[in-house]
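Comments concern the structure below.
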Amino acid sequence: MPFLLLGIVTIAFCISRLIPADPLASIVGVRQMANPTIVAAARQKWGLNGSILEQYWVFLKNLVRGDLGISFRTRKPVTHDLLDRLPATLELAVGALVVGGVGGVALGAYAASKKDKMADHLSRGFSLLGSSLPVFWIGLVFLFVLYARLGWFPGPGRLPPRTKPPGHVTGFYTIDSLLDGNFTLFRQCLWRLVLPCFVLGWAYMGQLSRLVRAAMLDEINSDYVRTARAKGLAERLVMRRHVLRNAWLPTLTILGFSFAQLLTASVLTETIFQWNGIGSYAVQSANTLDFPGINGVSLFAGLAFLLANLATDVLYAVADPKIRLA
Amino acid sequence: MSDLTTPPLLEIRDLHVRFAVRNGQVHAVRGLDLTVHRGEVAAVVGESGSGKSASMLATLGLLDINASASGSVRFDGTELLGAPPPVLRSIRGGRIGMIFQDPMTSLNPVLDIRRQIAEAVITHRQVSPRQAESKAVELLEMVSFPDAVRRARSYPHELSGGMRQRVMIAMALANDPDILIADEPTTALDVTVQAQILDLLRSLRQSRELAIVLITHDLGVVAGLADTVNVMYAGRIAESGPVVDIFHRPQHPYTIGLLASLPRLDRPDRELTPIGGVPPRLYEEPEGCSFAPRCRYAVEACHEVEPPLERVEASMVACSVLPMRSRTAEGSL
């Protein structure tokens, strides 16, 4: 696992340094670029002097100590920036996982039990829409129709305009507002999560429900399902206790993977919903050639995937008795 | 032997099962009649595709969605074909238990066996989960599952084929059914294990007055367990009768062929004679007797008229040639 992470940061480092543009322009400003003294001083200060190999060596040495460097843009340590924004992204990703996970499994199971009937076609159409419509388009359409036109949902942002964030304990506005005892704010924060979570979760729901449906249809003709029916079990229980439980196994493999995807692919959603999370941080860092920021986000993404894979393996061992005892 | 004066427990009359397939339909069961009395072991014998399993699945309403059944299946006075789902569910696993051919795939791989047996108990009785679980262990002991208390929480993949089939039997007998439908219960097992399972069925049958419908293609299994034999060919009964008569005085050419292709320990010098040809596909209705194309006794009429099932001595036989001959030339076979 450490080698994987090393590979990830190395590739991220190389790609960011290979861009034929000088981040100094965004640090000192285009006008100052003509002044050699200022440029040299800035180069010195931000560690951009020396060969690429030297820079890489310094970068690695700092990384081992848990130091991702100072962001060129925010002038704060990148670790601080990331931790600051992590709760926003986690809130969004967990919300989307709930929408996508619960919705996807329920929809897939429902479609499988109504195979080739109208309800099956409808839910498959709904899934297909979710996984094929681009997120930025759905996001904008939803904001336009449901917020601007109909006013059913609040607009973008984690908080209502001109509202003070709750006291900072965990960074999750939902949890912090509860800790403050401010239930109105809690409701508002939760309500504001609905649209972005749905937009982000829908694609995932579509993917998952098709997988669950296929996995259930695979299992539905199994001998043990016939056994369950021969016991006199109601069809609903046959589905839930026998078919779904086995269809879980292939589903689980993509569940963890998808969570990592949700954590890292929220770039568009965060941008559209003005969500101050890691996704929008990535966009801003890339725009300003903020090398430490870019490397930090890459490392975060790599870590997210590795941890998600680990979690999947653990969950799999819990769900599949053959692995548990092997 | 069964008491013939009481009404039968299971009475199947003129059962038809059709499977919808890509280019039309397969008429897999073409007018099956079968009677099972309380405590009787009725064997249904035939080769693959003869409609044995399909007719039993139809009995319990377990056919796949592309199949349809018509005719009549009466169980203890209740018509099962077309019965509402709750009625069928209370009979399935309640008064009729069923076990299947392949115990490897017939158990749910992600649930432990105690839970799977307890589920059968809970479905039909008002008991607490704990009671159901202890009943499950009792059932395992009843089917001679070794070390039942300790191994009740095993998962199917930890058990051998024979053990799994015992679990299936325990599950099927969880609610003291009147009938056990055993669909090829020993086919997937080693020969020694086969014998153990048959012994188990035999002793359960005696201790519980259990009627068994034994579906098999193995005449050896039939000889050891059955009271009556129903030989199926191409979706119909070719011949049925008491086991002794079927084995010693078979009347139908197909039965005779089956017995001739069976190795016998007491006559090792005897040549085995296979039945030539293959069974009809049943995509279209066979004209005349469905066995005629493979039958060495067939006459011209056999290819035109399908013979009805008629009583010959103690058996019922659907052949218009051989029974006649045996009646005129006594014991020529």
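Every number here is computed from the coordinates shown, using simple stated rules; none is lab data. None of the values given here were measured: they were computed from a predicted structure. We place every Cβ from the backbone using ideal geometry, glycine too, and count neighbours over all the protein chains shown.
Would you tally the net charge around residue A:163, using a Cβ to Cβ cut-off of less than 14 Å, leaving residue A:163 out, and scoring K and R as +1, D and E as -1?
Summing Lys and Arg as +1 and Asp and Glu as -1 gives +3.
Please report the antiparallel percentage of the DSSP beta bridges confined to the protein assembly as shown, to the nearest 5.
Percentage antiparallel, nearest 5: 65.
Give me log10 I(q)/I(0) at q = 0.13 Å⁻¹ for the stretch B:105-174, Debye formula, one equal scatterer per alpha-carbon, no solvent.
-0.29
Which residue, A:317, A:209, A:14, has the largest displacement toward the positive end of the dipole of chain A when charges sit on each Cβ (Lys, Arg +1; Asp, Glu -1)?
A:209
Where the centre of each part is set by its Cα atoms, how far does the stretch A:117-133 sit from the stretch A:202-270, in angstrom?
For the stretch A:117-133 versus the stretch A:202-270, the Cα centre distance is 16 Å.
Averaging sequence separations of C-alpha pairs under 8 Å and six or more residues apart, then dividing by the length of the stretch A:78-325, give the relative contact order as a whole percent.
Once normalised by length, the contact order is 29 percent.
Quickly rank B:305-313, B:269-277 as a protection proxy: mean count of other C-beta atoms within 10 Å, highest first.
B:305-313, B:269-277
Angle between the Cα long axis of helix A:291-319 and the longest principal axis of chain A, 0 to 90 degrees, nearest 10?
Here the helix axis deviates by roughly 20 degrees.
How large is the Kirkwood hydrodynamic radius of chain A, in angstrom, based on all distinct alpha carbon pairs?
Its Kirkwood hydrodynamic radius stands at 22.5 Å.
Helix A:183-220 against the longest principal axis of chain A: what's the angle in degrees, Cα atoms only, rounded to the nearest 10?
The helix A:183-220 is inclined about 50 degrees to chain A.
Which of the aspartates and glutamates could a cross-linker bridge to residue A:115, judged by Cα under 20 Å and excluding same-chain residues fewer than eight apart?
Straight-distance partners of residue A:115: A:218, A:219, A:223, A:235, B:64.
About its Cα centre, how strong a charge dipole does chain A have in debye, to the nearest 20, once Lys and Arg get +1 and Asp and Glu get -1 at the Cβ?
With only Lys, Arg, Asp and Glu charged at Cβ, the dipole is about 580 debye.
Tally Lys/Arg at +1 and Asp/Glu at -1 over every other residue whose Cβ is under 11 Å from the Cβ of residue B:74; what's the total?
-2
Treating each Cα of the stretch A:1-138 as an identical point scatterer and ignoring solvent, apply the Debye formula and state log10 I(q)/I(0) at q = 0.08, 0.18, 0.21, 0.22 Å⁻¹.
The computed values of log10 I(q)/I(0) come out as -0.45, -1.10, -1.29, -1.35.
According to a simple spin-label model (label point 7 Å from Cα along Cα-to-Cβ), what is the distance in nm between residue A:22 and residue A:132?
4.9
Compute the Rg/Rh shape ratio of the stretch A:2-64: radius of gyration over Kirkwood radius, all on alpha-carbon atoms.
Radius of gyration relative to Kirkwood radius: 1.05.
Relative contact order for the stretch A:1-117: what percent, with Cα pairs under 8 Å and sequence separation of 6 or more?
Result for the stretch A:1-117 is 11 percent.
In the protein assembly as shown, if the dipole is taken from +1 on Lys/Arg beta carbons and -1 on Asp/Glu beta carbons about the Cα centre, which of A:46, A:244, B:72 is farthest to the positive end?
Farthest towards the positive end: A:46.
For the stretch A:141-226, what relative contact order do you get, as a whole percent, if you take Cα pairs closer than 8 Å and at least 6 residues apart?
21
Once the Cα atoms of the stretch B:1-141 are picked out, what are the Rg and Dmax in Å?
Every Cα atom of the stretch B:1-141 included, Rg and Dmax give 17.2, 51 Å.
Here is the link list: A:231/B:52; A:45/A:164; A:114/A:231; A:231/B:135. Which ones come out longer than 27 Å on Cα distance?
From A:231/B:52; A:45/A:164; A:114/A:231; A:231/B:135, over 27 Å: A:45/A:164.
How large is the Kirkwood hydrodynamic radius of the protein assembly as shown, counting all unique pairs of alpha carbons, in Å?
After inverting the pairwise mean of 1/r, the radius is 30.5 Å.
Stokes-Einstein at 37 °C, 0.692 mPa s, Kirkwood radius from Cα pairs: D for chain B in µm² s⁻¹?
Value of D from the Cα-based Kirkwood radius: 156 µm²/s.
On a C-alpha basis, how far is the centre of the stretch B:1-79 from the centre of the stretch A:46-95 in Å? Whole number, if you could?
73
What ratio of Cα Rg to 2.2 N^0.38 Å holds for the stretch A:89-203?
The reported ratio for this selection is 1.24.
For residue B:48, what charge total do you get from the other residues with a beta carbon under 13 Å from its beta carbon, if Lys and Arg give +1 and Asp and Glu give -1?
Result for the neighbourhood of residue B:48: -2.
Which residues make up the longest stretch of chain A that has no trypsin sites (Lys or Arg not before Pro) in a DSSP loop with at most 12 other Cβ atoms within 10 Å?
A:163-326
To the nearest 20 debye, what is the magnitude of the charge dipole of chain B about its Cα centre, counting +1 on the Cβ of each Lys and Arg and -1 on the Cβ of each Asp and Glu?
740
Whole-Å semi-axes of the stretch B:151-256's equivalent ellipsoid, largest first, each the root of 5 times a Cα gyration tensor eigenvalue?
29, 15, 12
Mean Kyte-Doolittle of at least -0.5 plus a Cα span of 20 Å or more along the axis: flag which DSSP H helices in chain B meet both, please.
B:191-208
If you fit an axis through the alpha-carbon atoms of helix A:118-132 and take the longest principal axis of the Cα set of chain A, what angle between them do you get, 0 to 90°, nearest 10?
Result, in degrees: 10.
Please give the average number of partner chain Cβ atoms lying within 10 Å of the Cβ of each residue in B:96-108, rounded to a whole number.
Mean shielding by partner chains, rounded to a whole number: 4.
Give the average over all directions of the projected area of the C-alpha convex hull of the stretch B:213-325, one decimal, in nm².
Average of the hull's projected areas for the stretch B:213-325 equals 7.5 nm².
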